[in-house]
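In what follows, a single structure is set out as structure tokens and then discussed.
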Amino acid sequence: MSLGVVVFPGSNCDRDVQWAAEGCLGIKTRFLWHEERDLSGLDAVVIPGGFSYGDYLRCGAIARFAPVLQEVAAFAERGGRVLGICNGFQVLTEMGLLPGALTRNQKLHFICEPTDLRVEPGPCSWLQGYTSGEVVNFPIAHGEGRYQADPELLKQLGDSGQVVLRYCNNPNGSVGDVAGLSNTQGNVLGLMPHPERACDPTTGGVDGRRLLASLIG
């Protein structure tokens with residue numbers, strides 16, 4: 001099993017993902033610089049959290065044009081597994097791999113705290129280690145994590161089982177309490193909370209470990 005971790009100027013959670021994957025689960029990782037195009041030998045790709053290109057235009061709006069993400073989009077279309085965490089979720093919506101948008105938190109403050117989430121795995125391959133209705137705890141750390149979608153789209157996402165994670169106590173005003181979405185095929189997952197920070201009992205619990213462990217069955 002080999003996991004690619006995209007690195008942009010401004011990424012700051014790429015090492016966290018590597019630590020969780022390799023240190024906790026023994027999954028081999030490879031960093032993918034934003035100008036790189038070679039995804040050969042990879043079984044999955046993670047777009048990590050941080051501030052890609054400084055988020056100077058809009059979170060993820062510049063990153064979407066990176067050469068590596070052109071290859072990631074093609075990889076996902078072929079059924080490759082892609083995970084976008086926090087800024088990575090924002091990038092996935094900007095790329096059009098997931099619907100909707102992430103905007104400023106309701107109270108306009110950066111939020112950094114542990115958060116309870118209700119899991120509805122549906123078709124999502126990343127979440128098959130969890131049971132339907134299970135409540136888990138992942139940390140969040142974001143200023144623009146408020147998910148937005150019009151009522152028709154939100155209903156469509158709910159009906160198709162694509163809303164795979166919901167906040168139990170909505171911290172940022174996301175419509176429908178949306179914390180994470182998958183695509184219809186279930187190979188692409190975007191979420192604002194950080195599962196890589198919940199893989200070790202000494203640093204933040206282990207509720208996130210099963211998400212990454214899904215790569216090794």
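Values in this text are rule-based calculations from the coordinates and carry no lab data. Note that the structure is a prediction, hence the values are computed from the model and not measured. No Cβ is skipped: glycine too gets one built from the backbone with ideal geometry, and neighbour counts run over all protein chains shown.
Of the listed requirements (1) under 19 Å from GLU144 (Cα atoms); (2) surrounded by 15 or more Cβ atoms within 10 Å (Cβ to Cβ); (3) more than 18 Å from the chain's Cα centre (by Cα), LEU25 misses just one: (1). If you take the residues in the stretch 28-65 that are farther than 19 Å from ALA101 by Cβ and within 15 Å of the chain's Cα centre (by Cα), which one is surrounded by the fewest Cβ atoms within 10 Å (Cβ to Cβ)? That would be ALA44. Taken as a whole, the structure places SER125 among residues that are surrounded by fewer than 20 Cβ atoms within 10 Å (Cβ to Cβ), of a type outside the set (Lys, Arg) and either under 22 Å from GLY54 (Cα atoms) or under 14 Å from the mean Cα position of the chain (by Cα) (or both).
Each residue in the stretch 93-121 was checked for being buried (at least 16 other Cβ atoms within 10 Å of the Cβ), small (Gly, Ala, Ser) and in a loop (DSSP other than H, G, I, E, B), and 1 pass. Looking at GLY176, GLY217, which is the one that is over 22 Å from LEU108 (Cβ atoms) and more than 12 Å from the chain's Cα centre (by Cα)? Being over 22 Å from LEU108 (Cβ atoms) and more than 12 Å from the chain's Cα centre (by Cα) holds for just one of GLY176, GLY217, which is GLY217. Scanning the stretch 166-183 for residues that are crowded, with 22+ Cβ neighbours inside 10 Å and under 15 Å from PRO99 (Cα atoms) yields SER174, VAL178, ALA179, GLY180, LEU181, SER182. If you scan the stretch 69-92, which residues turn out to be surrounded by fewer than 23 Cβ atoms within 10 Å (Cβ to Cβ) and part of a helix (DSSP H, G or I)? The answer is GLN70, GLU71, ALA73, ALA74, PHE75, ALA76, GLU77.
If I go through the stretch 25-52 residue by residue, how many of them are part of a loop (DSSP other than H, G, I, E, B), of a type in the set (A, V, I, L, M, F, W, C) and touching a residue at least 60 places away in the same chain (Cβ under 8 Å)? Break it down stepwise before answering.
Narrowing the stretch 25-52 to residues part of a loop (DSSP other than H, G, I, E, B): 26-27, 34-43, 48-49, 51.
Filter once more, keeping what is of a type in the set (A, V, I, L, M, F, W, C): 27, 39, 42, 51.
After this cut, where a residue has to be touching a residue at least 60 places away in the same chain (Cβ under 8 Å) as well, the list is 27.
Within the stretch 25-52, residues that are part of a loop (DSSP other than H, G, I, E, B), of a type in the set (A, V, I, L, M, F, W, C) and touching a residue at least 60 places away in the same chain (Cβ under 8 Å) number 1.
For the stretch 59-77, the tally of residues that are of a type in the set (D, E, K, R) and either within 13 Å of ILE47 (Cα to Cα) or in contact (Cβ under 8 Å) with a residue 12 or more places away in the chain (or both) stands at 2.
The residue that is nearest to GLY54 (Cα to Cα), among those in the stretch 131-171 that are assigned to a strand (DSSP E or B) and among the β-branched types (Val, Ile, Thr), is ILE140.
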